[in-house]
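Only one structure is covered here, and it is reproduced in the block below.
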Amino acid sequence: MANGQWLKAKNMTYKEAIAEIEQILKSLREEQNSIDTLSERVARATELIALCREKLRKAEEDVNSIIDN
């Protein structure tokens, strides 16, 4: 993924990232994909999933911090 796309992904909301992942999954199911396109889409989905996991981890930390105080 190009650096600009990664920065764009880092600024996405969880909801936006999930929506893009769902869009990628839909295209993988419904379209014939070249190996290059497949590779790009899987790489993008992997990065978005990592972003979502990080946002969930951060939210869990924030909630635990609030509960502990």
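Across the stretch 11-19, coupling constants 3J(HN,Hα) worked out from phi with the 6.51/-1.76/1.60 Karplus curve, θ = phi - 60°, read 8, 6, 7, 4, 4, 5, 5, 4, 4 Hz, and Gly and Pro carry x.
How much of residue 39 can a 1.4 Å solvent probe reach, expressed as accessible area in Å² and rounded to 10? Estimated to the nearest 10 Å², residue 39 gives 70 Å². Only Lys, Arg, Asp and Glu carry charge here, each on its Cβ (+1 for the first two, -1 for the last two); on that basis the chain has a dipole of about 80 debye about its Cα centre. A crude spin-label estimate for the pair residue 54 and residue 20, with each label 7 Å from Cα along the Cβ direction, gives 1.2 nm. Applying 0.36 nm per residue to the separation of residue 11 and residue 28 and subtracting their alpha-carbon distance, the gain on full extension is 3.7 nm. Quick one: grab the alpha carbon gyration tensor of the chain, order the square roots of its eigenvalues as a ≥ b ≥ c, and give me rounded if a/c is under 1.5, else prolate or oblate depending on whether a/b is larger than b/c. Judged from the Cα gyration tensor, the chain comes out prolate (a/c at least 1.5, a/b above b/c). Our summary gives the chain a relative contact order of 45 percent, counting only alpha carbon pairs under 8 angstrom and 6 or more residues apart.
Shown for the chain: the carbon plus sulfur share of the solvent-accessible area, taken with all protein chains present and a 1.4 angstrom probe, equals 52%. Computed over the chain with a Gaussian network model linking Cα atoms closer than 10 Å, the most mobile of 24, 35, 49 is 35.
Rounded to the nearest 500, what is the chain's calculated 222 nm mean residue ellipticity when only DSSP H runs of at least 4 contribute -39500 (n - 2.57) each, over all residues? List each step's numbers first, then the result.
Numbers: 3 runs with 59 residues, N = 69.
When only DSSP H runs of four or more count, the value is -29500 deg cm²/dmol.
The values are calculated or read from the model by the stated rules, or taken from the named source; none is laboratory data. Because the structure is a prediction, the values reported are computed rather than measured. Cβ: placed from backbone, ideal geometry, glycine included. Neighbour counts: every protein chain shown. Side chains included, ligands, DNA and RNA excluded: accessible areas come from the protein's heavy atoms. Shrake-Rupley method; radii C 1.70, N 1.55, O 1.52, S 1.80 Å.
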